[in-house]
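One structure is given below, encoded as structure tokens.
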Amino acid sequence: MDAKTGTNTKTGTLTVGDKSWSFPIYPGTIGPDVIDIGKLYAQSGMFTFDPGFTSTGACESKITYIDGDEGVLLYRGVPIEQIAEHGDFLETCYLLLYGELPTATQKADFDYRVNRHTMVHEQMSRFFQGFRRDAHPMAVMTGSVGALSAFYHDSTDITDPTQRMIASIRMIAKMPTLAAMAYKYNIGQPFVYPQNDLDYATNFLRMCFAVPAEEYKPNPVLARAMDRIFILHADHEQNASTSTVRLAGSTGANPFACIAAGIAALWGPAHGGANEAALKMLGEIGTVDRIPEFIKRAKDPKDNFRLMGFGHRVYKNYDPRAKLMQKTAHEVLSETGHRDDPLLQVALELEKIALHDEYFIEKKLYPNVDFYSGITLKAMGFPTTMFTVLFAVARAVGWIAQWKEMIEDPGQRIGRPRQLYTGEAKRDYTPISRRK
Ligand code: CMC
């Protein structure tokens, strides 16, 4: 049943004192039911209170499903493990955007459409010159993706379905180009234009690592790993950055501005910035013998240190992406000759110890996707500041698919949470001469 049709048979009752109110309950295809409390305020004069949204469904969606207790992640119903094993990133993009896996013809057409949009307006390169060279690439990404709305006016009319799809394709196609430009600008090398006969991941690696003075030789193992990393990060239902994109989009803001808002939200160390933080932490630990000291700190309630790359708001089991990421880490480190990297040894041992520690077991803290992605990306040659940028490149499709779904929902309204006000009650203005 569609939540919007309202043809439910179940209701839930809220009782406060001697008053009761009934609310419809909607089942999902899988996962928990929801209680529709949309009329709660009108009927009872009360709001719900759920800071951090731990029990709040903010939308109806058909895109991604997570079962955090079982460690399941499905894109449009298809398990992440199967997509990562058999699919490629652009196929994943198609699946997320259109709801079905493409036929061979649809796939070829989609790849072609994305490839036709990989270049960015030439003036963007001058726009980049305004940033300091030492700017964090996430700062550059937030600014440059937001600036796309100043360059692509012909795809910012959100009421036009054709423009919405063009904006979506542009977003997927241009994110790697901008990310590579942010990297090249940071290290002082010339920008490398995309080469459209290459696959998405190879094209991106080439834009990052090719230099005009040498011929670039693609490495299929690293390209496959990059592609898999993109697949694993493509969408994750209503996380902080996606919810930010939806909230910004609910006002009618253009898609490029909304994705820029999502990038800003992703930057934080509790979200996309965790891969950078996890690698820094492994470096700080340095050697296997220092692990107990850090485990002790993570468990100490007086110490705000946390094991980065551990724990998740939704997964109370092994993050399925972390398992795939661990496999990818081994493949990449073998290929690049970093098999004996002490950071990998620290990571493997830390994982083993934490998984057997009572504190982590009791709180259901398992490694998340970011635990192994930092080591992998470092071995591929990326500096830590680029890790979250790569997450953003992959997540662009999830953000845009969720934005599109929201705009195309006939019941869509501006997002406007309420609050529990605990400030001063009404009081008179005191003139400055009378203030103490
Ligand atoms: N190390 C040590 N203790 C932890 C950790 C950790 N990494 N994560 C949670 N805890 C403890 C926390 O102190 C709390 O203990 P208590 O109940 O005694 O107060 C309990 O576990 C529950 O933690 P919480 O902060 O209430 O849980 P949350 O759902 O609000 O936070 C989280 C989830 C991901 C922000 C958190 O686990 C964390 O900060 N992890 C480290 C950062 C990280 O790896 N983030 C990447 C998330 S995956 C990528 C993505 O999807 O963005």
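The values are calculated or read from the model by the stated rules, or taken from the named source; none is laboratory data. Keep in mind the model is a prediction, meaning the values are calculated, not measured. Cβ sites come from the backbone with ideal geometry, for glycine too, and all protein chains shown count toward neighbours. We work out accessible area using only protein heavy atoms, side chains counted, and drop any ligands, DNA or RNA first. Shrake-Rupley method; radii C 1.70, N 1.55, O 1.52, S 1.80 Å.
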- Taking the residues in region 235-291 that are among the hydrophobic types (A, V, I, L, M, F, W, C) and more than 19 Å from THR142 (Cα to Cα) as candidates, determine which candidate is farthest from the ligand (Cβ to nearest atom). VAL288
- Counted residues in region 248-299 being small (Gly, Ala, Ser) and surrounded by fewer than 14 Cβ atoms within 10 Å (Cβ to Cβ) come to 3
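Test LEU324 against the stated conditions and say whether it is in contact with a helix residue (DSSP H, G or I) (Cβ under 7 Å, 6 or more places away or on another chain), open to solvent by 10 Å² or more (accessible area, probe 1.4 Å), more than 9 Å from the ligand (Cβ to nearest atom) and of a type in the set (A, V, I, L, M).
yes
Being at pLDDT below 95, farther than 12 Å from PRO367 by Cα and open to solvent by less than 60 Å² (accessible area, probe 1.4 Å): is that true of ALA329 here?
On the way: at pLDDT below 95: yes; farther than 12 Å from PRO367 by Cα: yes; open to solvent by less than 60 Å² (accessible area, probe 1.4 Å): yes.
Yes.
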- Task: Could you grab the pairs with beta carbons closer than 6 Å, sequence gap of 6+ or different chains, first residue in region 357-374 and within 16 Å of LEU343 (Cα to Cα), second one more than 10 Å from the ligand (Cβ to nearest atom) and open to solvent by 10 Å² or more (accessible area, probe 1.4 Å)?
- Result: PRO367/GLU351; TYR372/GLN326; GLY374/LEU279
- Message: Suppose the filter is within 13 Å of the ligand (Cβ to nearest atom), touching a residue at least 40 places away in the same chain (Cβ under 8 Å) and open to solvent by 70 Å² or more (accessible area, probe 1.4 Å); does LYS302 pass it?
- Response: no
- Provide a single number: the residues in region 225-247 that are open to solvent by 30 Å² or more (accessible area, probe 1.4 Å) and assigned to a helix (DSSP H, G or I). 4
- Query: Take the residues of region 336-385 that are more than 24 Å from ALA182 (Cβ to Cβ) and of a type in the set (Ser, Thr, Tyr): which is modelled with the highest pLDDT?
  - Reply: TYR359
- Checked region 296-323 for anything touching a strand residue (DSSP E or B) at 6+ places or on another chain (Cβ under 8 Å) and either farther than 14 Å from LEU355 by Cβ or among the β-branched types (Val, Ile, Thr) (or both); matches are VAL314, PRO320, ARG321
- Query: For THR376, are the conditions met, namely being buried (at least 24 other Cβ atoms within 10 Å of the Cβ), under 21 Å from the mean Cα position of the chain (by Cα) and either within 16 Å of the ligand (Cβ to nearest atom) or aromatic (Phe, Trp, Tyr) (or both)?
  - Reply: yes
